[in-house]
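**Q** Before we start, here is the structure in question, set down as structure tokens.
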Ligand SMILES: [Zn+2]
């Protein structure tokens with residue numbers, strides 16, 4: 001007992017690691033970290049015809065590739081060119097991963113089966129959301145170590161296979177953190193706000209571009225405190241927790257997109273020993 005108490009105390013006083021803690025998790029919804037051969041031109045790398053993030057890890061250029069939930073396990077390839085301009089392929093393997101089911105009852109039936117008059121709005125909004133998530137900006141150094149954007153328990157993890165009112169819908173493409181309405185939401189890393197909106201499903205939403213195809217998204221806010229063009233640093237307030245859009249209670253839906261693939265935000269976060277034990281799945 002004494003020994004266990006000592007261990008816990010030790011964990012609480014240990015400083016947070018500052019180095020890149022990102023692990024390669026090559027599964028659907030994860031990231032593959034692929035070290036590039038020396039003769040590859042980093043700017044030429046593509047995955048599924050999309051530009052990808054390249055960063056320096058231990059003195060070597062490495063591609064960090066987002067893998068969407070629909071990615072098929074097996075061999076995948078990066079396309080690239082060598083320094084002489086000759087095309088080449090770099091193979092990496094994607095492993096399978098299965099996610100749990102989640103069944104939710106939504107009282108506002110229009111948010112599950114939208115009416116005809118809602119469809120124009122939904123289609124228009126989908127275009128602007130897709131455009132924001134596909135945003136690319138060149139950036140030398142991209143901060144890949146995030147802080148939590150809000151304090152609170154995980155109310156719904158990433159990747160759940162979802163049923164709304166018993167009807168199958170797209171899997172959960174972000175992480176839900178529950179908090180009281182009005183709680184400030186903070187930027188998890190430096191970036192630039194590229195879009196804000198008030199959407200049918202996502203409610204009041206902010207998109208932050210962190211560079212090289214890494215874009216984060218914050219939904220269901222009660223208030224938005226930034227506008228397109230606002231430059232933020234880690235910890236800056238961007239809005240407040242709310243329950244706008246399709247929700248069952250106040251929470252933040254936090255999405256992370258890399259090369260237009262929605263991936264698990266937890267991959268960019270340090271372990272949170274104080275609240276992880278309280279994680280609940282609704
Ligand atoms: Zn969510």
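We did not get these values from a lab; they are worked out from the coordinates using the rules stated. The structure presented is a predicted model; accordingly, all values stated were derived computationally and were not measured. FYI the Cβ positions are ideal-geometry reconstructions off the backbone, even for glycines, and counts take in every protein chain you see.
**Q** Given the stretch 104-233, what percent of its DSSP beta bridges are antiparallel, to the nearest 5?
**A** Counting only bridges with both partners in the stretch 104-233, antiparallel ones make up about 95 percent.
**Q** Additional query: What is the distance in Å between the Cα centroid of the stretch 173-222 and that of the stretch 46-81?
**A** Centre-to-centre distance over Cα atoms comes out at 25 Å.
**Q** Nearest 500 deg cm²/dmol is fine: what mean residue ellipticity at 222 nm does the chain get from its DSSP H runs of n ≥ 4 alone, each adding -39,500 (n - 2.57), divided by its residue count?
**A** Details: 2 runs with 30 residues, N = 282.
Counting only the DSSP helices, I get -3500 deg cm²/dmol.
**Q** Explain nothing, just the number: relative contact order of the stretch 24-151, from Cα pairs under 8 Å at least 6 residues apart, as a whole percent. Mind showing how you got there, number by number?
**A** On the way: 158 pairs, mean separation 28.1, N = 128.
Across the stretch 24-151, relative contact order equals 22 percent.
**Q** Same structure, new question: Please report, largest first and rounded to whole Å, the three semi-axes of the ellipsoid equivalent to the stretch 51-122, where each semi-axis is the square root of five times an eigenvalue of the C-alpha gyration tensor.
**A** 41, 18, 13
**Q** State the three equivalent ellipsoid semi-axes of the stretch 122-171, derived from the C-alpha gyration tensor as the square roots of 5 times its eigenvalues, in descending order and whole Å.
**A** 27, 21, 10
**Q** Also, I was wondering about something else. Along the Cα-to-Cβ line of residue 165, 7 Å from the Cα, sits a label point; which residues in the stretch 78-113 have backbone N less than 17 Å from it?
**A** What the label zone holds, given the 17 Å backbone N cut-off, is 103-113.
**Q** Could you grab the relative contact order for the chain? Cα pairs under 8 Å, six or more apart, rounded to a whole percent.
**A** It rounds to 20 percent for the chain.
**Q** Quick one: divide the alpha-carbon radius of gyration of the chain by 2.2 N^0.38 Å and tell me what you get.
**A** Normalised by 2.2 N^0.38 Å, the Cα Rg of the chain equals 1.05.
**Q** Roughly what % of DSSP beta bridges within the chain run antiparallel, to the nearest 5?
**A** Percent antiparallel among DSSP bridges in the chain is about 95.
**Q** Another question, if that's okay. Stick to the Cα atoms of the stretch 84-188, pair each with every other, and give me the Kirkwood hydrodynamic radius in Å at one decimal.
**A** Numbers: mean 1/r = 0.0550 Å⁻¹.
By the Kirkwood definition, the hydrodynamic radius is 18.2 Å.
**Q** Right, here's the next one. Could you tell me what % of all Cα pairs in the stretch 26-65 have separations over 11 Å? Let's see the in-between values first.
**A** Working: 494 of 780 pairs.
That fraction is 63 percent.
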